[in-house]
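Colleague: Please read through the structure below; I'll follow up with questions.
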Amino acid sequence: MSVNLLYLEDFIPGQKFSHADDEELSADAIKAFATRYDPQPFHLDEAAAAQSFFGGLAASGWHTAALTMRLLVKTLPIHGGIIGAGFEEFRWPRPTRPGDRLHIEVEVLELKFSQSKPHQGFLKHRVTTFNQDNQPVLVMTGNLLAPRRPQADNG
């Protein structure tokens, strides 16, 4: 199946894209990620997690962010890939838990065409990652570097 790669001109403010993960997040996956990248008791051990701020096993916020990135790559087929150019907002309104199935919604907020590098610009966007109950578990607003459509493609 072929995917049409998008250029900056293909986006418009207010446009939304979405994608759902086909995997349920397991406790084992949460613990494996935490063991390697965020080894804190509330990510590694159910008993310790039950006594923590989270009141139960919770995925690392960075695990949620990594899963969000995987979904973002599947959602926005930008020519040249997803290249971050900084975040303005990055927050976790609630924990991601074992059994969660994540999906994202990406909203295009603004387009900025570079004056100094006319072959590229920035796509300001908001990504909201939701669990299966449509509760947000991650909200991030930032900018992506996006190429402009080559002049030869403009006709």
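Colleague: Over the chain, with every protein chain in place, what whole percent of the accessible area is carbon and sulfur at 1.4 Å, could you tell me?
Modeller: Looking at the chain in its full context, I get 53 percent from C and S.
Colleague: Of the chymotrypsin sites (Phe, Trp or Tyr not before Pro) in region 1-93, which ones lie in a loop per DSSP and count no more than 11 other C-beta atoms within 10 Å?
Modeller: Details: sites: 7, 11, 17, 33, 37, 42, 53, 54, 62, 87, 90; in loops: 7, 11, 53, 54.
Sites meeting the loop and neighbour criteria: 53.
Colleague: Give the lysines reachable from residue 16 as a straight Cα distance under 22 Å; neighbours fewer than 8 places away on the same chain don't count.
Modeller: Output for residue 16: 74, 112, 124.
Colleague: Let me check I've understood the local charge: for residue 90, count other residues with C-beta under 15 angstrom from its C-beta, Lys and Arg +1, Asp and Glu -1. What total comes out? Could you put the intermediate results ahead of the total?
Modeller: On the way: positive: 91, 94, 124, 126; negative: 88, 89.
Residues near residue 90 contribute +2 overall.
Colleague: For labels at residue 47 and residue 126 in the simple 7 Å Cα→Cβ model, what's the distance in nm?
Modeller: 4.3
Colleague: Oh, and also: With every protein chain present, what is the per residue accessible area of the chain (1.4 Å probe, Å²)? It would help to have the intermediate numbers written out before the result.
Modeller: Details: 8620 Å² over 155 residues.
That works out to 56 Å² for each residue.
Colleague: Pairing the Cα long axis of helix 27-37 with the longest principal axis of the chain, what angle in degrees results, from 0 to 90 and rounded to the nearest 10?
Modeller: For 27-37 against the chain, the angle is about 70 degrees.
The values are calculated or read from the model by the stated rules, or taken from the named source; none is laboratory data. This structure is a prediction, so every number in the text was calculated from the model and none was measured. Because the Cβ atoms are built from the backbone with ideal geometry, glycine has one as well, and the counts that use them run over all protein chains shown. When the accessible area is computed, the model is the full protein with side chains, heavy atoms only, and any ligands, DNA or RNA have been set aside. Shrake-Rupley method; radii C 1.70, N 1.55, O 1.52, S 1.80 Å.
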